[in-house]
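Peer 1: First, the structure itself, so that you have it in front of you.
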Amino acid sequence: MTGTKTNADVIVIGGGPAGVAASLALRSAGVENVMLLDREADLGGATRHCGHSPFGMLEYGRVYIGAAYGRRLEADARAAGVDIRTGHSVVQLKSGGEIVVTSPQGVEGLSARRVLVATGTRETPRSARLLPGDRPVGILTTGALQAYTAFHRMMPFKRPLIAGSELVSISAVLTCLAHGARPVAMVETAPQFLARRAFGMFPRLAGIPVFTGAEILDIRGEGRVEQVVIRSGGETRTFDCDGLLLTGQFTPEATLFQTSSMNVDRASRGPAVDQFGRCLDPTYFAAGNILRPVETGGWSFREGRAIGRAIADDLRRETPTDDIVPISFSDPIKLVVPNMLRRQPGDAALRFFQLRVARHIRGRLILELDGRIIWDKKSQWLPERRILVPLPATALTASSVHLAIEEF
């Protein structure tokens, strides 16, 4: 490894909404040397690809399209005096806040008193979805589609079939319609549309048929996609199309943690964090969509800001405790964030347990401390929806924390 080691108070890895918001919060709190690293040429993260609104309503009190929102984030970071280094890719996290970075200048080691990782999330590609059929051109994720349209002014198809019905799937529809493509259908493997009801109405209002409980049976095409065959409601349908757009099924971009000495939580597939966003190595923190798939840009911004403030406060503290309260949960809950609690005073950045469920369910959601129910709520719970449970201060004195749903 060559190059001179550079020291900073805090290094932030990732220039999306969470990383930028954390950087702004750190500077506002008086942290002098805040370095922000991003592998792209511009900040903004995935929002740079989005040629539609709404972004920025709660952060800025106005509506931006995604690309403009990304530019606003970068402008604010520069105005705040953040040391921005684009074209820098972090390839290794070492203990104690040392990282290895590659850039056009070569490979170098950087170190900081604290490091925040905010590398976001990514959609699951075809290879991981195990879809059958031919291997033609024209099978993309939403991120790839939006990169084509935003950066290359290209629309790779005219009549795609969209797989998925999460919020990002609506973004995919908007991108298609805004660039002259008309999806032939949307198909979802779950028995119900995953985005909220108001969003679920949009494809149908746009004349795009929606099929839930659908399975892709075959992808056909020699040079490029020509047909997709699905089964829905016991009926097989064949769609003539020129592309297959795979949306959703996000997974945190946690490769740096997978190759480090720190834990990746098996349920969330992101780093294990406490109520401050701190990882098992107390030098490291994490924020945004690396914590769990997936939240909006606005949520990631607010979460990043809260964790940035927690880091600024942490810099003034003694070494944090290793006295950790375990958190457990049972089916049909599939993940909980934060994944652990530290018995340490201070304002929590993550003030709620954030849950996701594996399937549509009606029941009573309960929070237990040491086997005693201290909070409950009856409702129906849907997959890929944000579920929040208040994080009580008494949890820090408990021996165990457990979340469960009693089905009706």
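Peer 1: Kindly put Thr124, Thr47 in sequence by how many other C-beta atoms sit within 10 Å of each C-beta, fewest to most.
Peer 2: On the way: Thr124 16, Thr47 25.
Taking fewest neighbouring Cβ atoms as first place, the list is Thr124, Thr47.
Peer 1: Now a separate question. How would you classify the range 146-297 from its alpha-carbon gyration tensor, with a ≥ b ≥ c the square roots of the eigenvalues: rounded for a/c under 1.5, else prolate if a/b is greater than b/c, otherwise oblate? Walk me through the numbers on the way to the answer.
Peer 2: Numbers: a/c = 2.15, a/b = 1.95, b/c = 1.10.
Prolate is the answer for the range 146-297, as a/c is 1.5 or above and a/b outweighs b/c.
Peer 1: Can you match Kirkwood radius over Cα pairs in Å to one of these, (1) 22.4; (2) 21.8; (3) 31.8, based on a calculation from the structure here?
Peer 2: Checked against the structure: label (1).
Peer 1: Same structure, new question: Take the alpha-carbon centre of the range 118-192, take the same for the range 357-408, and report the distance between them in whole Å.
Peer 2: Between the Cα centre of the range 118-192 and that of the range 357-408, the gap is 34 Å.
Peer 1: What is the calculated FRET efficiency for Ala393 to Arg359, with r their C-beta to C-beta distance and R₀ = 41 Å, to the nearest 0.05?
Peer 2: Working: r = 32 Å, r/R0 = 0.78.
Efficiency for this residue pair is about 0.80.
Peer 1: Going by a ≥ b ≥ c, the root eigenvalues of the Cα gyration tensor, does the range 322-408 fall in the rounded group (a/c under 1.5), the prolate group (a/b larger than b/c) or the oblate group?
Peer 2: Since a/c reaches 1.5 and a/b is larger than b/c, the shape of the range 322-408 is classed as prolate.
Peer 1: What distance in nm separates the simple spin-label points at Ser261 and His152, each placed 7 Å from Cα in the Cβ direction?
Peer 2: Rounded to a tenth, the inter-label distance reads 4.3 nm.
Peer 1: Pull out the extension gain between Ser103 and Arg159, defined as 0.36 nm times the separation in residues minus the alpha carbon to alpha carbon distance; nm, one decimal.
Peer 2: Numbers: separation 56, 0.36 × 56 = 20.16 nm, distance 3.92 nm.
Taking 0.36 nm per residue and subtracting the Cα distance, the gain is 16.2 nm.
Peer 1: Another question about this same structure. Can you put Ile374, Ile170 in order, fewest other beta carbons within 10 Å first?
Peer 2: Values: Ile374 15, Ile170 22.
By the 10 Å Cβ count, ascending, the order reads Ile374, Ile170.
Peer 1: Sticking with this structure for a sec: Report the full-extension gain for the segment Ser53 to Arg129: residue separation times 0.36 nm, less the Cα-Cα distance, to one decimal in nm. Present the calculation step by step, with values, prior to reporting the outcome.
Peer 2: Numbers: separation 76, 0.36 × 76 = 27.36 nm, distance 2.91 nm.
Using 0.36 nm per residue and subtracting the Cα-Cα distance, I get 24.5 nm.
No lab work stands behind these numbers, since they all come straight from the coordinates. Bear in mind the structure is a predicted one, so any value in this text is a computation, not a measurement. Neighbour counts run over all protein chains shown; Cβ positions are idealised from the backbone, glycine included.
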